[in-house]
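Enquirer: Take this structure, written in structure tokens, and hold onto it; I'll ask about it next.
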Amino acid sequence: MTDFGFTDDQLALAATVRDVLREHCPPAALRAERRPAWDRLAGLGFFGLLLPAEADGLGLTLTDVLPALEETGRACLPGPVVETAVAAPFLVPGTPKLASGAVSVSVLLPGQTYAPDADLADLLVVARADGPRLVARESVRLVPKPGADPCRPLFAVDFDESEPLDVRVAPALRRATVATAAQLIGVARELLAVSVAYAKARTQFGAAIGSFQAVKHQLADVAVAVEFAAPLVWRAALAVDGSAAALAVDGRAAAAGRAASVGGPAVTVERDVSAAKAAAGEAAVLAARAVLQVHGAIGYTEELDLRFWLARAWSLSAAYGTTAVHRERLRTAISGGDLRRYP
Amino acid sequence: MTDFGFTDDQLALAATVRDVLREHCPPAALRAERRPAWDRLAGLGFFGLLLPAEADGLGLTLTDVLPALEETGRACLPGPVVETAVAAPFLVPGTPKLASGAVSVSVLLPGQTYAPDADLADLLVVARADGPRLVARESVRLVPKPGADPCRPLFAVDFDESEPLDVRVAPALRRATVATAAQLIGVARELLAVSVAYAKARTQFGAAIGSFQAVKHQLADVAVAVEFAAPLVWRAALAVDGSAAALAVDGRAAAAGRAASVGGPAVTVERDVSAAKAAAGEAAVLAARAVLQVHGAIGYTEELDLRFWLARAWSLSAAYGTTAVHRERLRTAISGGDLRRYP
Amino acid sequence: MDLDFSPAERDFRAEVRDWLSTHVPRSLPSMDTFEGFAAHREWEALLASERLSVVSWPVEYGGRSASLVEWLIFEEEYWAAGAPARVTQNGIFLLAPSLMRFGTPEQCERWLPRMARGDDVWAQAWSEPEAGSDLAALTSRAEPAPGGWRLYGHKTWSSRATHATHGFGLFRTSGARHKGLTYLMFPMDDVAVRPIAQLDGLPGFAELHFDGVFADQSMVLGEIGDGWRIAMATTSSERGLTLRSPGRFLATADRLVALARSSGDPVLIDRAARCWVEAEAYRLHTFATARRITAGAEIGAAASMSKVFWSELDLRMHALAMELLGERAGETPWLDGFLFSLAGPIYAGTNEIQRNIIAERVLGLPR
Amino acid sequence: MDLDFSPAERDFRAEVRDWLSTHVPRSLPSMDTFEGFAAHREWEALLASERLSVVSWPVEYGGRSASLVEWLIFEEEYWAAGAPARVTQNGIFLLAPSLMRFGTPEQCERWLPRMARGDDVWAQAWSEPEAGSDLAALTSRAEPAPGGWRLYGHKTWSSRATHATHGFGLFRTSGARHKGLTYLMFPMDDVAVRPIAQLDGLPGFAELHFDGVFADQSMVLGEIGDGWRIAMATTSSERGLTLRSPGRFLATADRLVALARSSGDPVLIDRAARCWVEAEAYRLHTFATARRITAGAEIGAAASMSKVFWSELDLRMHALAMELLGERAGETPWLDGFLFSLAGPIYAGTNEIQRNIIAERVLGLPR
């Protein structure tokens, strides 16, 4: 029976994360710290959520943690959160203490140009033509690359020593992409909330600017974009989780006799992942445009906390494949005849 | 010395045409007649404007008649005006009485799907793989095709008897395309004027709807679209005229020793023609969208004259190549490196 | 979270698909013609004979008491099968929800089964010449008469009214603006109907002139003077989930992708693919809304987000089809579809009004 | 109608192109840094030595009395050559037109040649914290003092003010709203300047605090109390032709097409080609406007159409470049260009205000 919404448990997890981030990742922390709230999240077991029980994790699905990931976007949380909490469990699940948050991971997978937050990483997973390599902090040479987002620095990566990893990168890459889309939804929601608050408070021509129809309609358009991007992200998480389930079923020679009905073949999962990333990126970029227009010149300054969210909207919309790249994948898949809907 | 605007003579011609159409092509005529104002225009010499003197014409350029063509769009003038007054002089200039308006012409050239107003045509020029053919009314079989525009019916054309024409169709096709773009500008201007008039008169919630910012901004966007499409149309007319001048110069072994500075090589002329048609078509379609939104349900009825202009915006935007076709040509030309600007 | 269907839901889908595959008529004349109207009523009766005309209604009124999700499944199959537009739409989607919520049991028993079978076809009578977006400015009135009310005034933009048997709308019984409006049903027999031809030349709309048309006491829905509240509940349903199920847009998007693919133009294919994804987003969003409604939530102003999204998506899809087809558009159903889609951002509350509602009631911006 | 250039115009283009090709510095540090500001002033002095810093000004003020078309030619060549942004922009494009129109001959002779050489660099002081779009709400004031005026109050969003030598703006000398504002120039020496860091981290803007800054009588532009009218003439020029010549957008469009071409993605190439055509449309439109101005016409409210068009085109071009470059954007000048382009729809009158002006003053819709 379809039940397209989050469970109380999933929402409770998100609420817990939100409370922690409100307290330990306020805007002031974004100016002062490279990795605020990290230890607190670790204390909650955040970095073990997707790890299997044998790696001290909770074995949750991406869907289970999606609302919590959205909260990390809403708070503009810095640090390699997606890489450590979402990608690493599918690349290096056996790493000791990964679940505890004591090990930070950055990744440089196909479609990424640079490794985000690699300055904080104890381990790097770098995809090479002959397969993924695991690189330890002491073997790596990082070259910082300029970017829009001061809280998500990018690095070119070079190294001599590394270990081969016997793992497919696609499961990690898909999840990191969908997790990033969830963060983008969170960023967009926060930008919208900030726009609304400012439009209520700021007066010009004797009225709150939020009473002018031009402002109302711009913000209504942002609300609509976010409202209809979010379900695509949820759907992509289900698809990714489902394809894992389907693989697991296949692996057991489909003993149960019933194919997973949610996850489709890989091409459909990729399609759904790209739909999520493109829509979430566009919603966040639209929200960034609107928040600047509503704020006027003041939005254009470093003094406002706003700039962190703006930068995050732009940096995440380019992360794990730009919107253009995902749109290209979508049209290839869809014009290739993949019009299947699930269920 | 650049002088990018119309001369008094060119504007005076347009004013004359406008006055004739106001009197002889009112909206009531659109409901009642297939070819209103045709004889009056003929009396002005309208159908000989582009013909050379030896064919009893005035030998004007397309640029000279562009404002007058815009007026035919503004008035929603029915009948094969572009085909007879603009295309025919470059396909069948030797046709007796062409300048007098006694002979109506329709065309079916590359890029057209059907022949417009062919029911009124004494002569048809139909492009075939082995070259253009001239078909007389008595030899033609027409199959009417359903379309959006009741005043610009479309016909599939078949025939047995025809004469070969020893002429290149490109000069006629380019001019017909630019002339259609000029008509689209006229249609868009009229739709905008009708929108503004209605927005001033109609009240809702105790105020003229034109005082609401949402309405204002929609109409401002239409105004901007028309304002910046029009110069592309003028430019295309100059380019088409210039390429004729350049050919004439070439034909005289470049005796004057100075290449025409406006007209470029054919590829650039095609590019400019496509830019004009695409921009004018988009402006008119945007104006149609706005006029409907401003009018609300009443715009959606057959009772209002409005419907004729709506239909014309849609039918002309599809005529002589859809907007999509011209956009495709533009990106091929521009990404092919044709970034030359003139002068 | 889960997107699996239950075995019962899958069985229902299979049954509907199977039945439609053998019963959907190839094509009917437009419902705005006399013969088309009759043919569409026949089709409604056939649907009703399978209890498929109003699947979500209680069994006693002709439905199957289907869940919201089952209704969405029905709609997906209905439009994917290329089945005809619903001539009973105004009654089923606008009047019936109000009847079920505000009507007496007698009113429901009297009118709903007939509506389900297409025995009665209902026209809405909301707008007046001077009250389009501003519905509270209505001036048509109902005057007390022995045994009921006599209606006076002038309504317009009444869809389907040219052939409808009954109508419903708001009439002023006292007061000004929102106050003193009463929700009344009436037979069309004594209403003077002037058809209004649409852009496609057919009378999809009509003007209604009332000069003492009688509606007996049983035709009042809810309390006297409570019409505004009842109508708002109805129009909210018009704007929201019930009128615009995703099925129609999904079918349009599938056809659009096929059309774009044959053009070979990557820019047009990209636009089609984008529409396809947006139709899918609308579907998913609707599943989420259905879940909330099933859990007892009121959707309220959020329905305006759906209205803006589906109406502009529908227009975008049809405008793209126009570009793809060029001068061949008139030979396909896409041209009529395009003309119809142009009305989407206008009716059921213009999208300007909808964006005001989103800004003021969802986001909390000042009026 | 004609798009040919005269032989003199073609010679002028050739001269400018030739000179720029050997003199344009490879790249200067940002003008919002101390060393960048100095380097940009040096560049202005070098330009001025060729009489190329203000080609359209009269010869006596350092220009060439060039025609509008020659100025447009200069601008095309300037940006195509990749020459630096103009640190003197506020003075040249905002103050100078007002000086020439409303100033005394003495004021013009005193200030314009120094401005042309970059000896003085002027900052604008329009906005106040509570008066952004609503400029008539200004509260900063000028009080009479022996020999001149003392300025009090708080201005903000003053571009370039961190390093500028002089400023100009509106100060209240009496009355309310539009009345009683006076246009004053002032030295920056005694103004308390608080730099405001922009999104790129550099202080492109500043707050200005006035606590009795002295401006002598010669620093009043026009009549006391006539500042609103003078400023409107200036801001109309800011919005219109003079601030935004097409040259910069043409150069951006050319570079964007090259960038898009290397992506091989037809959808992105299409978007770039569209921008290229729009930049060309802006250029052609500007030629038409120049012709009208040369013929003595006032452009007036129509300038708002240009402002909307160029600012949104510029943003669209840079946003496309962001998508094309992805995580490499920060290694190119496009990222800074993108951040700068975001301000386009905001400064010099937000595009919301511009659309109001178009609707009310070009189309004649009611206020």
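The values are calculated or read from the model by the stated rules, or taken from the named source; none is laboratory data. Just so you know, these numbers come straight off a predicted model, no measurement behind them. Please note: Cβ atoms are built from the backbone with ideal geometry, for glycine as well, and neighbour counts cover all protein chains shown. These area figures cover heavy atoms from the full protein model, side chains too; ligands, DNA and RNA do not enter into them. Shrake-Rupley method; radii C 1.70, N 1.55, O 1.52, S 1.80 Å.
Enquirer: For the range C:24-38: of the residues being without any contact (Cβ under 8 Å) to a residue 24 or more places away in the chain and not in a loop (DSSP other than H, G, I, E, B), which is farthest from the other protein chains (Cβ to nearest Cβ)?
Expert: Once the filter is applied, the top-ranked residue is C:38.
Enquirer: Here are the criteria: (1) open to solvent by less than 10 Å² (accessible area, probe 1.4 Å); (2) at the interface with another protein chain (Cβ under 8 Å from one of its Cβ atoms); (3) free of Cβ contacts under 8 Å to residues at least 60 places away in the same chain. Tell me which single one residue C:266 does not satisfy.
Expert: For residue C:266, the failing item is (1).
Enquirer: State all residues of the range D:252-263 that are open to solvent by 10 Å² or more (accessible area, probe 1.4 Å) and over 17 Å from residue B:228 (Cβ atoms); if no residue qualifies, say none. First the steps, then the outcome.
Expert: Within the range D:252-263, the first condition is being open to solvent by 10 Å² or more (accessible area, probe 1.4 Å), and the residues that meet it are D:252, D:254-255, D:258-259, D:261-263.
Within the range D:252-263, D:254, D:255, D:258, D:259, D:261, D:262, D:263 qualify.
Enquirer: Considering (1) surrounded by fewer than 24 Cβ atoms within 10 Å (Cβ to Cβ); (2) more than 9 Å from chain C (Cβ to nearest Cβ); (3) not β-branched (Val, Ile, Thr), say which one residue B:320 fails and leave the rest.
Expert: Checking residue B:320 against (1) surrounded by fewer than 24 Cβ atoms within 10 Å (Cβ to Cβ); (2) more than 9 Å from chain C (Cβ to nearest Cβ); (3) not β-branched (Val, Ile, Thr), the one that fails is (1).
Enquirer: Assuming residue B:310 fulfils every condition listed in (1) farther than 13 Å from residue C:323 by Cα; (2) facing chain C (nearest Cβ under 9 Å); (3) open to solvent by 10 Å² or more (accessible area, probe 1.4 Å) apart from one, which condition is it?
Expert: Result: residue B:310 fails condition (3) only.
Enquirer: Among residues belonging to the range A:134-154 that are assigned to a strand (DSSP E or B) and touching a Phe, Trp or Tyr at 6+ places or on another chain (Cβ under 8 Å), point out the one that is most open to solvent (accessible area, probe 1.4 Å). It would help to see each step written out before you state the result.
Expert: To start, the set of residues in the range A:134-154 that are assigned to a strand (DSSP E or B) comprises A:134-136, A:140-145, A:154.
Those still in the list that are touching a Phe, Trp or Tyr at 6+ places or on another chain (Cβ under 8 Å) too: A:135, A:140-145, A:154.
Working: A:135: 0, A:140: 29, A:141: 108, A:142: 57, A:143: 78, A:144: 92, A:145: 58, A:154: 17 Å².
The qualifying residue most open to solvent (accessible area, probe 1.4 Å) is A:141.
Enquirer: Looking only at the range D:280-299, decide whether some residue is surrounded by 22 or more Cβ atoms within 10 Å (Cβ to Cβ), facing chain B (nearest Cβ under 8 Å) and over 29 Å from residue B:277 (Cβ atoms).
Expert: Looking through the range D:280-299, none of the residues is surrounded by 22 or more Cβ atoms within 10 Å (Cβ to Cβ), facing chain B (nearest Cβ under 8 Å) and over 29 Å from residue B:277 (Cβ atoms).
Enquirer: State which residue is least open to solvent (accessible area, probe 1.4 Å) when the search covers only the range C:175-200 and only residues that are on the phi > 0 side of the Ramachandran plot and more than 14 Å from chain B (Cβ to nearest Cβ). So that I can check it myself, show each step before the final result.
Expert: So in the range C:175-200, the residues on the phi > 0 side of the Ramachandran plot come out as C:175, C:177, C:180.
If we keep only those that are more than 14 Å from chain B (Cβ to nearest Cβ) as well, we get C:175, C:180.
Numbers: C:175: 58, C:180: 9 Å².
Among them, the one singled out is C:180.
Enquirer: Within the range D:326-337, can you find the residues that are more than 8 Å from every other protein chain (Cβ to nearest Cβ) and of a type outside the set (S, T, N, Q)? Explain how you work it out, then say what you get.
Expert: Step one: list which residues in the range D:326-337 are more than 8 Å from every other protein chain (Cβ to nearest Cβ), which gives D:332-334, D:336-337.
D:333, D:334, D:336, D:337, listed by residue number.
Enquirer: Taking the range D:145-167 as the search range and keeping residues that are of a type in the set (A, V, I, L, M, F, W, C) and in a strand (DSSP E or B), which one is nearest to residue D:217 (Cα to Cα)? Let's see the steps before the verdict.
Expert: Filtering the range D:145-167 for residues of a type in the set (A, V, I, L, M, F, W, C) gives D:145, D:149, D:151, D:157, D:161, D:164.
When the remaining residues are screened for being in a strand (DSSP E or B), the result is D:145, D:149, D:151.
Working: D:145: 10, D:149: 7, D:151: 12 Å.
Among residues in the range D:145-167 that are of a type in the set (A, V, I, L, M, F, W, C) and in a strand (DSSP E or B), the one nearest to residue D:217 (Cα to Cα) is D:149.
Enquirer: Further question: Which of (1) touching a Ser or Thr at 6+ places or on another chain (Cβ under 7 Å); (2) under 30 Å from residue D:34 (Cα atoms); (3) not in a loop (DSSP other than H, G, I, E, B) is the odd one out, the single condition residue D:142 does not satisfy?
Expert: (2)
Enquirer: May I ask you to say which residue of B:121, B:129, B:115 is open to solvent by less than 20 Å² (accessible area, probe 1.4 Å) and more than 24 Å from residue C:338 (Cβ to Cβ)? Show your work before the answer.
Expert: Details: B:129 fails: open to solvent by less than 20 Å² (accessible area, probe 1.4 Å); B:115 fails: more than 24 Å from residue C:338 (Cβ to Cβ).
Unique residue meeting the criteria: B:121.
Conditions (1) outside any helix (DSSP H, G or I); (2) more than 9 Å from chain C (Cβ to nearest Cβ); (3) of a type in the set (D, E, K, R), marked per residue:
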{"site": "A:183", "(1), (2), (3)": "no, yes, no"}
{"site": "A:189", "(1), (2), (3)": "no, yes, yes"}
{"site": "A:194", "(1), (2), (3)": "no, yes, no"}
{"site": "A:200", "(1), (2), (3)": "no, no, yes"}
{"site": "A:217", "(1), (2), (3)": "no, no, no"}
{"site": "A:223", "(1), (2), (3)": "no, no, no"}
{"site": "A:231", "(1), (2), (3)": "no, no, no"}
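Enquirer: Take the conditions away from chain A (no Cβ under 14 Å), surrounded by 19 or more Cβ atoms within 10 Å (Cβ to Cβ) and in contact (Cβ under 8 Å) with a residue 24 or more places away in the chain and apply them to residue C:82. Does it pass?
Expert: Values: away from chain A (no Cβ under 14 Å): yes; surrounded by 19 or more Cβ atoms within 10 Å (Cβ to Cβ): no; in contact (Cβ under 8 Å) with a residue 24 or more places away in the chain: yes.
No; evaluated as a whole, the condition is false for this residue.
Enquirer: Let me ask something else. Please verify whether residue C:242 is among the polar types (S, T, N, Q), at pLDDT below 95 and open to solvent by less than 10 Å² (accessible area, probe 1.4 Å), treating the condition exactly as stated.
Expert: Numbers: among the polar types (S, T, N, Q): yes; at pLDDT below 95: yes; open to solvent by less than 10 Å² (accessible area, probe 1.4 Å): no.
In short, no.
Enquirer: Only residues that are open to solvent by 30 Å² or more (accessible area, probe 1.4 Å), of a type in the set (Phe, Trp, Tyr) and closer than 18 Å to residue C:127 by Cα: list them for the range C:206-234, please.
Expert: C:228
Enquirer: Here's a check for you: in the range A:325-343, which residue that is at the interface with another protein chain (Cβ under 9 Å from one of its Cβ atoms) and open to solvent by less than 10 Å² (accessible area, probe 1.4 Å) is farthest from residue D:311 (Cα to Cα)?
Expert: A:334
Enquirer: Let me ask you something else. Which is in contact (Cβ under 8 Å) with a residue 40 or more places away in the chain, within 13 Å of another protein chain (Cβ to nearest Cβ) and farther than 30 Å from residue A:243 by Cβ, of A:156, A:207?
Expert: A:156
Enquirer: Which of the numbered conditions does residue C:353 fail, given that it passes all the others? Conditions: (1) open to solvent by less than 20 Å² (accessible area, probe 1.4 Å); (2) over 30 Å from residue B:154 (Cβ atoms); (3) more than 8 Å from every other protein chain (Cβ to nearest Cβ).
Expert: Result: residue C:353 fails condition (1) only.
Enquirer: Residues that are within 18 Å of the chain's Cα centre (by Cα) and within 12 Å of chain A (Cβ to nearest Cβ): does the range C:312-324 have at least one? Working first, answer last.
Expert: The first filter runs over the range C:312-324 and keeps only residues within 18 Å of the chain's Cα centre (by Cα), leaving C:312-315.
Now restrict to residues that are within 12 Å of chain A (Cβ to nearest Cβ): C:312-313.
The answer is yes; a qualifying residue exists.
Enquirer: Next up: So the check is Cβ under 7 Å with 6+ separation or different chains; which pairs have a first residue in the range D:57-73 that's away from chain B (no Cβ under 12 Å) and among the aliphatic types (A, V, I, L, M) and a second one that's open to solvent by 20 Å² or more (accessible area, probe 1.4 Å) and in a helix (DSSP H, G or I)?
Expert: Nothing qualifies.
Enquirer: Would you check if residue C:41 is more than 14 Å from chain B (Cβ to nearest Cβ), more than 17 Å from the chain's Cα centre (by Cα) and either open to solvent by 20 Å² or more (accessible area, probe 1.4 Å) or among the acidic types (Asp, Glu) (or both)? Talk me through it step by step, then tell me what you get.
Expert: Working: more than 14 Å from chain B (Cβ to nearest Cβ): yes; more than 17 Å from the chain's Cα centre (by Cα): no; either open to solvent by 20 Å² or more (accessible area, probe 1.4 Å) or among the acidic types (Asp, Glu) (or both): yes.
Spelling it out, it is not the case that residue C:41 is more than 14 Å from chain B (Cβ to nearest Cβ), more than 17 Å from the chain's Cα centre (by Cα) and either open to solvent by 20 Å² or more (accessible area, probe 1.4 Å) or among the acidic types (Asp, Glu) (or both).
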